[in-house]
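Nothing in this text is a laboratory measurement; each read-out follows from the coordinates by a stated rule. Bear in mind the structure is a predicted one, so any value in this text is a computation, not a measurement. Quick reminder, even Gly has a Cβ in these numbers, built from the backbone with ideal geometry, and neighbours come from all protein chains shown.
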């Protein structure tokens, strides 16, 4: 009986660090953008990764230069007029990223502030930092952004998904 308890205790102790590391070693989760204006949820989309805006500091326009003050921010800069009325909250802004070694590559990222799409790739720098690189043509001709992992807050992410739908 003691031997069985010892084996059970050993299994629990060796499994616990692995379970915690799995979340920290994954690009999936909620990430705070540079400047803290929004949060993206990166999730699996089939065998690829995609991301959706799940939180914004200001969901309504605050300046009349950007849009009608007090109304919900929309994809006003989109080159396709039919898409300009889409709310930014809930908008899919990354898609098609596939894992290649340490990097997730061959994806596209959309910047709703200027209405442009870029090629992008991302790499987990640490359990709490994700490097995102957007570029046109060559990775050298682009810009890097550092995203910070949102620590788990029960109910927040699920509440946003219920309101705007989950990532397909």
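Inside segment 69-89, can you point out the residues that are at positive phi and assigned to a strand (DSSP E or B)?
none
Looking at segment 136-144, can you tell me whether even one residue there is closer than 19 Å to residue 30 by Cα, surrounded by fewer than 15 Cβ atoms within 10 Å (Cβ to Cβ) and touching a residue at least 40 places away in the same chain (Cβ under 8 Å)?
Step one: filter segment 136-144 for residues closer than 19 Å to residue 30 by Cα, giving 144.
Subset that is surrounded by fewer than 15 Cβ atoms within 10 Å (Cβ to Cβ): 144.
Next cut, touching a residue at least 40 places away in the same chain (Cβ under 8 Å) only: none.
Within segment 136-144 (the criterion being closer than 19 Å to residue 30 by Cα, surrounded by fewer than 15 Cβ atoms within 10 Å (Cβ to Cβ) and touching a residue at least 40 places away in the same chain (Cβ under 8 Å)), the answer is no, since none of the residues qualifies.
Please enumerate the residues belonging to segment 63-89 that are within 23 Å of residue 150 (Cβ to Cβ) and surrounded by fewer than 16 Cβ atoms within 10 Å (Cβ to Cβ).
72, 87
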